[in-house]
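So the structure is just underneath, and the comments pick up after that.
The values are calculated or read from the model by the stated rules, or taken from the named source; none is laboratory data. Worth saying up front: this structure is predicted, and the values here are computed from it rather than measured. Note that we place each Cβ from the backbone using ideal geometry, even for glycine, and neighbour counts take in every protein chain shown.
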Amino acid sequence: MLYREALNRALDELMQKDESIVTLGEDVALYGGSFRVTEGLVEKYGEQRVIDTPIAELSIVGNAVGMAIGGLRPVAEIMTGNFALLAFDQIINHMAKLHYMSNGKIHLPMVVRFPQGVSRQLAAQHSESYEQMLCSVPGLKVLSVNDVNYAYHALKHAILSDDPYIFIEHELLYNKKGEVNFEQELDPFKARIVKEGSDITIVSYLKMVDDVMEALPSIEKELACSCEVIDLCSLNPIDYERLKASIKKTSRLVMVEEDHKTGGYGAQIVSWAAEELFYELDAPPLRLAGADVPLAYNRALELASIPTPQSIAEDIIAWGVKSNV
Amino acid sequence: MYEIVMPQLSDSMDEGKLIAWKVDTGDRVKSGDVIAEVESDKAIMEVQSFQDGVVEALLAKEGDTLRVGSVIAKIATQNEEAPKEALQEEKKESREVVHRAPKKESHKAPDTKASNTQEGYHSSPKARMKAQEYGVDIERLAQNTQEEIVHAKDVDMYALERYFTPKARKLLDSYNLKSTLFKLDHKIDEQEVRRYVKEHQLLLIKTLDPMQKALISNVTLSAQKPVFHIYESLDAALIQKHQNRTVTLWIIKAVAKVMMQHEAFRSKIVQERVQIVPYASISLAVSDKKALYMPVLHQAEKMSADTIGSTLQNFKNHLQKRSFRAQDLEGATFGISNLGMLGIERFDAMINRDESAILAVGALKNGKIALTLTADHRLVNGYEAALFMQDLKKELQSPLNFKE
């Protein structure tokens, strides 16, 4: 099953059971979604529940907030992370806060989904990541999806929860293949151990998890070590327990993210490790992130601006040699 | 810790010769006391201590030439004086300390004071934590290791070397035990680790090497073969008479000859067909406590007693060096195993690989040697086996077999 199919299946299954679930966004109905996540839904559930909206992100999320207050369970799709910026007033001032400001009287069972990150030559206005902004907004739960199985279960969980969720996907992952275990539900707030290991903990999320896995064979060979790779999955709240257990075991932390380094999300993980696990660390944490530049359209510059499997391997090996892994 | 370094006594001085120590390890020194005499390119000068303390280690011998800036002695200042026992030990170890190259600054500015904080190294938080846990002085460790950064691994190694005897370390390794299971305040010997192992009833787990794995699959296959045994007893009068050669040698010689008369013992099953080999190639069990091999005497029927003798000697050498090659162990259709020299009167052996039979040779007793033939019934029937044994006995009781 493909990543996008897993998301589609989760939506489809729940919409079939629960009429209060609706989905809205640009091109989600007739076109089936820009990345085909909502494909076939309008035919099954009609235009009342699968709603094509104008190109107006603020109104998409604003409408979703209204629907949620009114008792529906809306799933809003924003075409890409950069466009979500237009909706940030609704997301931050309303979606995240109304529950608290109404003293818990208002619930917002809603999900805002969007893909983000560096795809292929979409340039600076269509390539950015916004988890660092959204994770600094209390009241939002922020999930990131790398894994196909996680995509299915986490989206179901988010839709059925009474809390507002930001559900971050990645443009390059929609056609990723994977297995879904329909029998076994999972806790979307648990970090996923992609590979167990004993010498280095490599923490990542979204597409970078796959790039880390691609880099892994050469890292493990060069450093003659075994790495534990963790997909954070939930970016807020963070599964510190699992990270702690892993770092205690390996005593080394590498954080890999696609976003710009300054102010980037991984800083939270590294600073937490420095605060909480200082005496467990046998090497300075290594943080691999994108360059602090607007993404270039030029493919070579684009690739030079973000971690790639090759740069991840080189950087971790150089650091590992210095740290006597 | 306060260190005394080789001072730069003149602009042109790169190295200095240690003429004499004025103190010994364990001596108490006061600030201003003369520690040593050093010869520069121009003169002999005195080196003083600028702090109070106890001489913990002298890192050079009289007569040694040392680079400017290298540490020549260590003084434990008051609050860190090591207990006497540790001192003795440290003294031994520190003799082996490799002198670090002098730092650039110390070349420019001669410094007999030597700062009492050790610079030029870093240590990871975890390494410091461990050092504290083990009671290891991380500065001393930093000097001993040549690493720029002290990691947890270095502390582990240092603690292991400091607190465990080499034999104890080996035991820790083989039982996969952590050093922290022991109280790290004294030298821990093999006995103590053994006691721990006994108390906790730990299992010794060994991984199989490829040779052992091959042996296991070989004997497992062998155990599935349909075999039968023939028990015989040999009049060994002639063997006893010809003790210039070993029992094994005479038996090999006889078996080779008799094999040529019985093709069943030169046969093997290959892909549901029987192959008959035109030679008498015989495998012989040779082993020590740890390994068992069945090297092959190829075309033994053509070998003289001398050739067999030197081949057997070769086997011994290969066994010791574990240097058998694959082709040394292949190609036989008959095996011989002799446990007689260990006093075993009678036993039966397992057929090796795809061979047709194996002869188990027991000890010489009352002029007799017990022979047991184990044969693969798919290749050899009882009648043939009986004839083979008859002929073999005849051969071993005939003076012709013993002709050189």
Can you name the residue in the stretch B:1-41 that is in a strand (DSSP E or B) and among the basic types (Lys, Arg) and is also farthest from B:GLU62 (Cα to Cα) among such residues? B:ARG28
What pairs come out if I take residues in the stretch B:131-148 that are outside the structural domain of B:GLU3 (by TED's automatic domain parsing) and pair them with residues that are among the acidic types (Asp, Glu) whose C-beta lies under 7 Å away, six or more apart or interchain? B:GLY135/B:ASP185; B:LEU141/B:ASP154; B:THR145/B:ASP154; B:GLU147/B:ASP154
For A:ALA10, state whether it is buried (at least 20 other Cβ atoms within 10 Å of the Cβ), touching a helix residue (DSSP H, G or I) at 6+ places or on another chain (Cβ under 7 Å) and at pLDDT 95 or above. yes
Which of (1) within 26 Å of A:GLU13 (Cβ to Cβ); (2) more than 17 Å from the chain's Cα centre (by Cα) does A:LEU253 not meet, given it meets every other one? (1)
Test of understanding: among B:LYS257, B:LYS206, which residue is among the charged types (D, E, K, R) and under 30 Å from B:THR333 (Cα atoms)? B:LYS257
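For (1) over 24 Å from A:LEU223 (Cβ atoms); (2) more than 14 Å from chain B (Cβ to nearest Cβ); (3) crowded, with 20+ Cβ neighbours inside 10 Å, each residue gets a yes or a no:
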residue: A:ILE247; (1), (2), (3): no, no, yes
residue: A:GLU275; (1), (2), (3): yes, no, no
residue: A:PRO284; (1), (2), (3): no, no, no
residue: A:ALA289; (1), (2), (3): no, yes, yes
residue: A:ASN298; (1), (2), (3): yes, yes, no
residue: A:ILE306; (1), (2), (3): no, yes, yes
residue: A:ALA313; (1), (2), (3): no, yes, yes
Take the conditions crowded, with 20+ Cβ neighbours inside 10 Å and in a helix (DSSP H, G or I) and apply them to B:LEU392. Does it pass? yes
From the set of residues in the stretch B:146-167 that are hydrophobic (A, V, I, L, M, F, W, C) and touching a strand residue (DSSP E or B) at 6+ places or on another chain (Cβ under 7 Å), which is farthest from the other protein chains (Cβ to nearest Cβ)? B:PHE164
For the stretch A:224-239, the count of residues that are surrounded by 15 or more Cβ atoms within 10 Å (Cβ to Cβ) and either at pLDDT below 95 or not aliphatic (A, V, I, L, M) (or both) equals 9
Filtering the stretch B:244-266 for residues that are part of a helix (DSSP H, G or I), farther than 26 Å from B:GLY343 by Cβ and in contact (Cβ under 8 Å) with a residue 24 or more places away in the chain leaves a count of 9
Of all residues making up the stretch B:198-219, the number that are of a type in the set (Val, Ile, Thr) and exposed (fewer than 10 other Cβ atoms within 10 Å of the Cβ): 2
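Against the condition polar (S, T, N, Q) and in a helix (DSSP H, G or I), how does B:THR207 come out, does it pass?
no
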Hey, A:ASP259 acidic (Asp, Glu), buried (at least 18 other Cβ atoms within 10 Å of the Cβ), away from chain B (no Cβ under 14 Å) and touching a residue at least 40 places away in the same chain (Cβ under 8 Å) or not: yes
Please pick out the residue among A:ALA29, A:ALA84, A:ALA96 that is more than 30 Å from A:ALA300 (Cα to Cα), touching a helix residue (DSSP H, G or I) at 6+ places or on another chain (Cβ under 7 Å) and either surrounded by fewer than 17 Cβ atoms within 10 Å (Cβ to Cβ) or modelled with pLDDT of 95 or more (or both). A:ALA29
Which one is surrounded by the fewest Cβ atoms within 10 Å (Cβ to Cβ) among residues in the stretch B:124-144 that are more than 10 Å from chain A (Cβ to nearest Cβ) and not in a helix (DSSP H, G or I)? B:GLY135
Enumeration of residues in the stretch B:351-369 that are in contact with a helix residue (DSSP H, G or I) (Cβ under 8 Å, 6 or more places away or on another chain) and outside any loop (DSSP other than H, G, I, E, B): B:ALA357, B:LEU359, B:VAL361, B:GLY362, B:ALA363, B:LEU364, B:ILE369
Yes or no: B:VAL255 modelled with pLDDT of 95 or more, assigned by TED's automatic domain parsing to the domain that holds B:PHE388 and β-branched (Val, Ile, Thr)? yes
Please state which of the following conditions B:ILE269 fails to meet, knowing it meets all the rest: (1) buried (at least 17 other Cβ atoms within 10 Å of the Cβ); (2) in contact with an Asp or Glu (Cβ under 7 Å, 6 or more places away or on another chain); (3) in a strand (DSSP E or B). (1)
Among the residues of the stretch A:284-303, is there at least one that is more than 24 Å from the chain's Cα centre (by Cα), touching a residue at least 24 places away in the same chain (Cβ under 8 Å) and under 25 Å from A:LYS248 (Cβ atoms)? yes
If you go through the stretch A:2-28, how many residues are part of a loop (DSSP other than H, G, I, E, B), on the phi < 0 side of the Ramachandran plot and within 24 Å of the chain's Cα centre (by Cα)? 2
Answer yes if at least one residue in the stretch B:168-180 is free of Cβ contacts under 8 Å to residues at least 60 places away in the same chain, outside any loop (DSSP other than H, G, I, E, B), more than 14 Å from chain A (Cβ to nearest Cβ) and in contact with a strand residue (DSSP E or B) (Cβ under 6 Å, 6 or more places away or on another chain), and no otherwise. yes
Quick one: would you say A:GLU241 is away from chain B (no Cβ under 14 Å), free of Cβ contacts under 8 Å to residues at least 24 places away in the same chain, farther than 26 Å from A:LEU122 by Cα and out of contact with any Leu (no Cβ under 8 Å at 6 or more places or on another chain)? yes
